[in-house]
Amino acid sequence: MSLTEDFMLSDDLHPIDMVETIAEHHDWEFDRVGDDQIAMAVEGQWRTYSITLAWSHYDETLRLICTFEMDPPADSMPAVYEALNQANDMCWNGAFTYWKEQRLMVYRYGLVLTGGQGVNGGQIDHLIGAAVSACERFYPAFQLVAWADQAPAKAMNIAMTEAYGRA
């Protein structure tokens, strides 16, 4: 049975229950923080990303936060913020920010499900995949800006759009 078919058996699955099933399917480490929140670790090419998904009944929103540690030198922070802005201009969904106190680079996205809309496993799987892909895409550029004194515009050249096909 496919991952999507697993979810067709129930009409009223909680979004975090779906995330837990997806994490189990992919064999990701996870911790069910509460009824409405789950934290997991997803291995990427560059590093392991910490991903938290939380469901807000009030806002009817499934919020994803994907983080990785990054502690750039203070003198590179203006360029890092410029690189973040440029990366956000290249993202179709979600956005990057930097949490200075926690020394974390953050990619976040909110999936709004107002009016009792449901979500399916394919959407959640894609949401997590898109977050990891965005972090993987821009991680080298952020590193070049922070530690190699690369100009943000030049560093963004390394963050090519997603490749299609094979060479």
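The values are calculated or read from the model by the stated rules, or taken from the named source; none is laboratory data. These numbers were taken from a predicted model, which means no experiment stands behind them. Here the Cβ positions follow ideal geometry from the backbone for every residue, glycine too, while neighbour counts run over all protein chains shown. Areas reflect the complete protein model, heavy atoms only, side chains present, ligands, DNA and RNA absent. Shrake-Rupley method; radii C 1.70, N 1.55, O 1.52, S 1.80 Å.
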*asked:* Just to be sure I understand: with springs between alpha-carbon atoms less than 10 Å apart, which residue in Thr48, Thr67, Thr114 has the highest mean-square fluctuation in the Gaussian network model of the chain?
replied: Thr114
*Suppose every K and R has +1 on its Cβ and every D and E has -1 on its Cβ; what is the size of the dipole of the range 17-167 about the Cα centre, in Debye to the nearest 20?*
520 debye
*Relative contact order, percent, the chain [alpha-carbon distance under 8 Å, six or more residues apart]*: 21 percent
*Compute log10 of I(q)/I(0) for the chain with the Debye formula, placing one identical point scatterer on every Cα and leaving out solvent, at q = 0.12, 0.13, 0.15, 0.20 Å⁻¹, to two decimals.*
-0.58, -0.67, -0.86, -1.28
*asked:* Need one number: nm distance between label points at Arg108 and Asp27, each 7 Å from Cα along Cα→Cβ, rounded to one decimal.
replied: 3.3 nm
*So what does the Cα-only Debye profile of the range 109-154 read at q = 0.16, 0.29 Å⁻¹, as log10 I(q)/I(0), no solvent term?*
-0.60, -1.01
*Compare Cys135, Cys66, Cys91 in a GNM of the chain, Cα atoms joined below 10 Å, and give the one with the largest fluctuation.*
Cys91
*asked:* Helix 15-26 against the longest principal axis of the chain: what's the angle in degrees, Cα atoms only, rounded to the nearest 10?
replied: 70 degrees
*According to the Kirkwood expression over distinct Cα-Cα pairs, how big is the hydrodynamic radius of the range 74-167, in Å?*
14.7 Å
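Heavy atoms only, probe 1.4 angstrom, no DNA, RNA or ligands counted: give me Glu43, Glu60 ranked by accessible area, highest first. All intermediate terms of the calculation are to be shown ahead of the outcome.
Numbers: Glu43 130, Glu60 55 Å².
These residues rank, largest area first, as Glu43, Glu60.
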*List, in order, the whole-Hz ³J(HN,Hα) value for each residue of the range 75-89 obtained from phi through the Karplus relation with A = 6.51, B = -1.76, C = 1.60 and θ = phi - 60°; use x for Gly and Pro.*
6, 8, 4, x, 5, 4, 5, 5, 5, 4, 4, 5, 4, 4, 5
*Leaving out ligands, DNA and RNA but keeping every protein chain, what accessible area does Asp125 have, in Å² rounded to the nearest 10, with a 1.4 Å probe?*
50 Å²
